[in-house]
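The next block holds one structure in the form of structure tokens; read it before the comments.
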């Protein structure tokens with residue numbers, strides 16, 4: 001359930017004044033990818049702690065700023081995934097298991113902080129989202145009694161969405177669920193109209209709450225003794241990493257892969273940063289790349305044919321533990337999506353999860369250059385499998 | 001393009017004070033099906049010309065009321081299809097061919113006039129739609145510069161809609177296109193909120209404008225000498241009828257079929273009225289039943305399996321002239337929908353169009369009882385084929 005919006009430092013456990021959260025497994029400034037560095041600079045400008053790149057870098061190098069993965073604080077962020085203390089975040093609650101997760105506002109397309117852009121336009125939009133958009137949408141969520149994101153996803157998967165890069169239907173369902181209350185919550189009609197327009201024109205408007213919902217589902221299955229199910233899969237633009245339910249909070253990492261992508265006009269693979277972002281929490285929860293059989297239109301965005309989309313889903317049944325009880329695909333006669341990546345099956349079948357994802361420019365300040373499919377690196381799963389064997393005494 | 005909303009008697013050609021338009025080919029009061037009679041009574045109550053059934057029937061029997069098919073006045077209506085002089089109607093313009101078409105407001109589900117219900121609740125809702133909803137939505141359409149329904153349908157067909165009974169995505173696209181302007185056009189926030197809620201909760205909110213859009217497409221191809229393409233296909237609950245482009249304004253009719261349906265709880269085939277409504281204009285234009293391969297989730301509403309949905313579309317290629325240039329189905333690798341029913345192929349292949357449709361109770365005053373698939377009766381196509389052969393000199 002999406003229950004509201006709050007300020008990161010007020011609601012995220014362990015968040016503090018000098019902490020920045022980022023996507024993927026832990027990473028230092030020195031090893032950070034270009035787009036994540038850009039987003040860090042943008043976040044420090046947004047917080048009023050820096051004026052520009054040099055300022056920000058000096059501050060970071062002074063040791064005054066700490067970094068931690070979103071995943072260490074019950075949060076998730078798309079692409080660079082930056083969450084700074086003043087940012088407003090969606091609050092999603094798993095009412096069955098009692099845990100919560102958090103994710104920032106979605107900025108729309110093009111030059112955006114999450115893709116590493118940090119121009120004045122980007123920062124101005126962030127402030128509008130924080131100061132105007134978030135309070136109204138928070139009030140609308142509360143007036144509506146909360147929004148059931150599992151039902152929303154269930155419907156969206158019957159409307160051609162995969163739940164990760166294709167969220168057109170889910171974003172419209174989000175809009176229609178909240179718009180009568182947004183009108184009541186807004187200070188005036190012009191603000192209401194602006195907010196409805198911003199949501200309606202953003203085909204990924206609901207990505208962040210969806211990711212937080214997936215995080216609450218995955219966290220509910222974390223730390224189960226003996227479980228070989230993956231509960232987090234995330235990339236920081238430098239490394240890809242997973243966590244496994246029965247192996248606690250350890251990360252198993254490998255260098256981030258290059259995405260096989262369709263590039264926007266004017267860009268090529270030379271411009272692409274390797275795989276980045278926490279949005280693979282969707283695949284971890286059984287949607288996204290795993291549900292593409294129900295979302296054939298996505299191939300227009302990421303490449304390939306409708307058959308490839310079906311094949312990806314069918315392959316993922318080979319490496320997962322269950323078929324989802326709520327998320328289903330009409331095109332496969334309402335078969336549940338492949339859910340619960342099992343590291344034992346990944347190693348046995350020699351097949352890693354396939355993920356669809358956006359691609360950021362490798363240099364800071366530019367933004368998205370394409371979208372495509374990426375195959376997770378095998379060595380992270382092999383390492384996890386060896387650790388699992390050791391932990392549970394199958395080491396020989 | 002949806003260009004606005006106006007009062008039927010002001011905008012529909014030939015509409016006058018004592019005329020009621022109805023779905024399907026011509027029909028007299030004596031031969032009218034129950035739900036259409038119920039809708040006539042409701043329309044006369046709505047117009048202030050009757051208090052109830054007896055009143056209305058006496059007025060009709062006095063000869064003071066004339067009936068004509070919607071199709072004779074560039075209009076279309078779902079189910080009973082009643083349009084009375086004071087009703088507000090959507091105005092859709094084919095800007096390539098210069099013709100217009102009209103369709104009433106959509107009332108939502110359950111007990112509604114178009115299904116033959118005429119209780120006080122139904123009439124009150126009709127007045128609210130006419131007096132509150134329509135002026136605001138008209139203003140919103142005009143403020144937005146008109147709404148391109150072809151683009152809207154193109155997108156919706158990539159979001160699991162068939163364009164006839166499944167219009168969830170299209171209705172949400174309609175909402176998001178207009179909602180910023182609805183907020184500006186509404187007299188106050190409460191009215192805006194009510195209108196957004198009514199549209200957002202009605203999965204068929206956009207059915208009537210979509211039908212009018214299909215009518216403008218079909219009419220653009222009407223009256224082409226030598227053409228054997230069907231330009232209207234409609235049912236009045238008693239008879240099914242078609243018109244053919246090269247055969248002018250003649251109707252070729254046959255008794256309306258019984259729908260093979262999934263019934264709502266408490267109802268069975270015994271309760272069902274035969275096939276009724278102008279909504280088959282969607283199949284005439286190449287969507288609806290013809291586009292079901294892209295809308296497998298519809299089988300949860302109308303019965304059958306995902307494969308049946310694909311098979312229906314593939315079959316329809318056998319009896320159509322072209323693949324649509326704009327309407328495509330991602331699941332068939334973006335193949336265009338089968339478009340332009342050719343009476344020569346229907347007769348040659350001995351296969352009539354398949355249509356998905358709602359089912360009304362056979363008695364007036366009750367409403368919808370289910371939804372399903374119906375196969376058009378062959379004899380109407382055979383009669384049209386014989387007339388075509390005669391008209392164009394192939395009679396032997």
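Would segment B:313-336 turn up any residue that is assigned by TED's automatic domain parsing to the domain that holds residue B:285, out of contact with any helix residue (DSSP H, G or I) (no Cβ under 7 Å at 6 or more places or on another chain), surrounded by 17 or more Cβ atoms within 10 Å (Cβ to Cβ) and within 30 Å of residue B:118 (Cα to Cα)? Checking segment B:313-336: not a single residue is assigned by TED's automatic domain parsing to the domain that holds residue B:285, out of contact with any helix residue (DSSP H, G or I) (no Cβ under 7 Å at 6 or more places or on another chain), surrounded by 17 or more Cβ atoms within 10 Å (Cβ to Cβ) and within 30 Å of residue B:118 (Cα to Cα). As for segment B:151-159, it holds at least one residue that is modelled with pLDDT of 95 or more and facing chain A (nearest Cβ under 7 Å). Quick check: anything in segment A:310-317 more than 29 Å from residue A:73 (Cα to Cα), within 14 Å of chain B (Cβ to nearest Cβ) and over 20 Å from the mean Cα position of the chain (by Cα)? Scanning segment A:310-317, I find at least one residue that is more than 29 Å from residue A:73 (Cα to Cα), within 14 Å of chain B (Cβ to nearest Cβ) and over 20 Å from the mean Cα position of the chain (by Cα), so the answer is yes.
Rundown of residues vs (1) within 23 Å of residue A:33 (Cα to Cα); (2) free of Cβ contacts under 8 Å to residues at least 12 places away in the same chain; (3) over 20 Å from the mean Cα position of the chain (by Cα), yes/no style:
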residue	(1), (2), (3)
A:89	no, no, no
A:100	no, no, no
A:107	yes, no, no
A:116	yes, no, no
A:127	no, no, yes
A:130	no, no, no
A:143	no, no, yes
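This table checks each residue for (1) crowded, with 23+ Cβ neighbours inside 10 Å; (2) in contact with a helix residue (DSSP H, G or I) (Cβ under 6 Å, 6 or more places away or on another chain); (3) without any contact (Cβ under 8 Å) to a residue 12 or more places away in the chain.
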| site | (1), (2), (3) |
| --- | --- |
| B:186 | yes, yes, no |
| B:195 | yes, yes, no |
| B:204 | no, no, no |
| B:216 | yes, no, no |
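Could you please find all residues in segment A:147-160 being in a loop (DSSP other than H, G, I, E, B) and surrounded by fewer than 24 Cβ atoms within 10 Å (Cβ to Cβ)? Residue satisfying the conditions is A:148 alone. Might you let me know whether segment A:250-265 holds any residue that is out of contact with any helix residue (DSSP H, G or I) (no Cβ under 8 Å at 6 or more places or on another chain), under 25 Å from residue A:326 (Cα atoms) and in contact (Cβ under 8 Å) with a residue 12 or more places away in the chain? Within segment A:250-265 (the criterion being out of contact with any helix residue (DSSP H, G or I) (no Cβ under 8 Å at 6 or more places or on another chain), under 25 Å from residue A:326 (Cα atoms) and in contact (Cβ under 8 Å) with a residue 12 or more places away in the chain), the answer is no, since none of the residues qualifies. Here residue B:206 meets each of (1) on the phi > 0 side of the Ramachandran plot; (2) under 19 Å from the mean Cα position of the chain (by Cα) with one exception, condition (1).
Any idea which residue in segment B:15-30 is surrounded by the fewest Cβ atoms within 10 Å (Cβ to Cβ), counting only those that are part of a loop (DSSP other than H, G, I, E, B) and in contact with a helix residue (DSSP H, G or I) (Cβ under 9 Å, 6 or more places away or on another chain)? Among residues in segment B:15-30 that are part of a loop (DSSP other than H, G, I, E, B) and in contact with a helix residue (DSSP H, G or I) (Cβ under 9 Å, 6 or more places away or on another chain), the one surrounded by the fewest Cβ atoms within 10 Å (Cβ to Cβ) is B:16. Inspect segment B:297-308 for any residue being touching a residue at least 40 places away in the same chain (Cβ under 8 Å), within 30 Å of residue B:39 (Cα to Cα), crowded, with 19+ Cβ neighbours inside 10 Å and touching a helix residue (DSSP H, G or I) at 6+ places or on another chain (Cβ under 7 Å) and give the result as yes or no. Yes, segment B:297-308 has at least one match. Taking the criterion of being within 14 Å of chain A (Cβ to nearest Cβ) and touching a strand residue (DSSP E or B) at 6+ places or on another chain (Cβ under 8 Å), would at least one residue in segment B:135-144 satisfy it? No; the residues of segment B:135-144 include none that is within 14 Å of chain A (Cβ to nearest Cβ) and touching a strand residue (DSSP E or B) at 6+ places or on another chain (Cβ under 8 Å).
Residues that are in contact with a helix residue (DSSP H, G or I) (Cβ under 9 Å, 6 or more places away or on another chain) and assigned to a helix (DSSP H, G or I) within segment B:38-55 comprise B:38, B:39, B:40, B:41, B:42, B:43, B:44, B:45, B:46, B:53, B:55, listed in sequence order.
Results for (1) assigned by TED's automatic domain parsing to the domain that holds residue B:358; (2) closer than 30 Å to residue B:333 by Cβ; (3) more than 19 Å from the chain's Cα centre (by Cα), shown as yes or no for each residue.
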site	(1), (2), (3)
B:247	yes, no, yes
B:251	yes, no, no
B:276	yes, no, no
B:293	yes, yes, yes
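Is at least one residue of segment B:112-119 in the same structural domain as residue B:26 (by TED's automatic domain parsing) and closer than 28 Å to residue B:329 by Cα? Within segment B:112-119, none of the residues are in the same structural domain as residue B:26 (by TED's automatic domain parsing) and closer than 28 Å to residue B:329 by Cα. The set of residues in segment B:31-67 being within 24 Å of residue B:257 (Cα to Cα) and surrounded by 17 or more Cβ atoms within 10 Å (Cβ to Cβ) consists of B:32, B:33, B:34, B:35, B:36, B:37, B:38, B:39, B:40, B:67.
Could you check segment A:7-51 and list, in sequence order, the residues that are free of Cβ contacts under 8 Å to residues at least 60 places away in the same chain and closer than 20 Å to residue A:361 by Cα? Matches in segment A:7-51: A:28, A:29, A:30, A:40.
All conditions but one from (1) on the phi > 0 side of the Ramachandran plot; (2) surrounded by fewer than 23 Cβ atoms within 10 Å (Cβ to Cβ); (3) within 11 Å of chain B (Cβ to nearest Cβ) apply to residue A:110; the one that does not is (3).
Look at (1) crowded, with 17+ Cβ neighbours inside 10 Å; (2) away from chain B (no Cβ under 14 Å); (3) without any contact (Cβ under 8 Å) to a residue 60 or more places away in the chain and you find that residue A:120 fails only one, number (1).
The values are calculated or read from the model by the stated rules, or taken from the named source; none is laboratory data. These numbers come from a predicted model, not from an experiment. All Cβ positions, even for glycine, are placed from backbone atoms using ideal geometry, and neighbour counts span all protein chains on display.
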